[in-house]
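The values are calculated or read from the model by the stated rules, or taken from the named source; none is laboratory data. In this text the structure is predicted, and so the values were computed from the model without any measurement. Because the Cβ atoms are built from the backbone with ideal geometry, glycine has one as well, and the counts that use them run over all protein chains shown.
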Amino acid sequence: MQVCPEYPRRGPKAQPFVPHGDMRYPSPIFSEPLCVLEFLALRISPAYHGSGIPHGDGSAVVVIPGLLSMDLHLFELHGWLRRIGYRPYYSGMGVMADCPDQLSRRLDETIDRAYADTGRRVHLIGHSLGGIFARSAAVRRPGRIASVICLGSPYRGLAAHGLILAAGDAVRSWIRSARAEVPRECASSRCHCAFGRSLGRPWPRSVRQTAIFSKCDGVVDWRYCLSGKPEIDVEVVGTHLGMPFNARVFGQIAERLASGRK
């Protein structure tokens, strides 16, 4: 695995969650193709085969993909969770390129189904943008969410590579052209829909949270992926795109899901 670069300038001064607009960040996006190595290495790791990690108790876990992705991209994580004893659910949100308020409603339906099936509060695992949706769901519906695990998800605003910001702008333009009923601020932190309002609300103390980040992240400024609390922030080595099939990430997920049972 590559050696992560060190950045001399100080970390961002920002409030939690998404308090401002997008900011361009010169991340090392050229390293992201190395995610292929993470995918290959996962298959030979002990954690992938359930060795040396705590196993599940049948709790429901909903996995949520990132920008422009869909549930299929998390098939390895979904299958692994089932093998180690959890009851995994795909988000049911479709392609992550639609009105966030509509997407969050689809996620709510999946959470309700998982809660009804198991009779217990649900765990959420979100990759990148999916982590923001997971956090929004926890803020809006804390009674049904046990924990949230974010994989390379912005906590302190979005500072990302220019290509990613351009993709986000393209998605926003498409949403506004395809859905005449959405407000001009749709798919931004300034939108006043239920999803947009949730981004500024305080975190519910009853929901455990984990922020997994990598200093090798070639998409998002890793410092914006920190909560600022050592008991929440977990560092791994790997790419942004590779987090959903990174052996170190899998090991951390197993530990964090089991921690609430101790």
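Couple of notes before you dig in:
- The number of residues in the range 226-262 that are assigned to a helix (DSSP H, G or I) and not hydrophobic (A, V, I, L, M, F, W, C) comes to 7.
- Applying the criterion of being among the polar types (S, T, N, Q) and either under 15 Å from the mean Cα position of the chain (by Cα) or at pLDDT 95 or above (or both) to the residues of the range 71-119, the residue that is nearest to residue 179 (Cα to Cα) is 104.
- Hey, residue 177 among the polar types (S, T, N, Q), over 28 Å from residue 27 (Cα atoms) and at pLDDT below 95 or not: yes
- Sole residue being modelled with pLDDT of 95 or more, farther than 24 Å from residue 139 by Cα and acidic (Asp, Glu), chosen from 38, 32: 38
- Pairs with Cβ under 8 Å, 6+ apart, first in the range 239-255 and within 15 Å of residue 220 (Cβ to Cβ) and touching a residue at least 40 places away in the same chain (Cβ under 8 Å), second of a type in the set (Asp, Glu) and not in a helix (DSSP H, G or I): 239/217; 240/217
- Yes/no for residue 132 being of a type in the set (Val, Ile, Thr), in contact with a Phe, Trp or Tyr (Cβ under 7 Å, 6 or more places away or on another chain) and within 25 Å of residue 192 (Cβ to Cβ): no
- Residue selected from the range 211-225 under the condition under 14 Å from the mean Cα position of the chain (by Cα) and in a helix (DSSP H, G or I), by the criterion modelled with the lowest pLDDT: 224
- All told, residue 239 meets the bar of being touching a Leu at 6+ places or on another chain (Cβ under 7 Å) and modelled with pLDDT of 95 or more.
- Residues of the range 53-69 that turn out to be out of contact with any strand residue (DSSP E or B) (no Cβ under 9 Å at 6 or more places or on another chain) and at pLDDT 95 or above, as a count: 4
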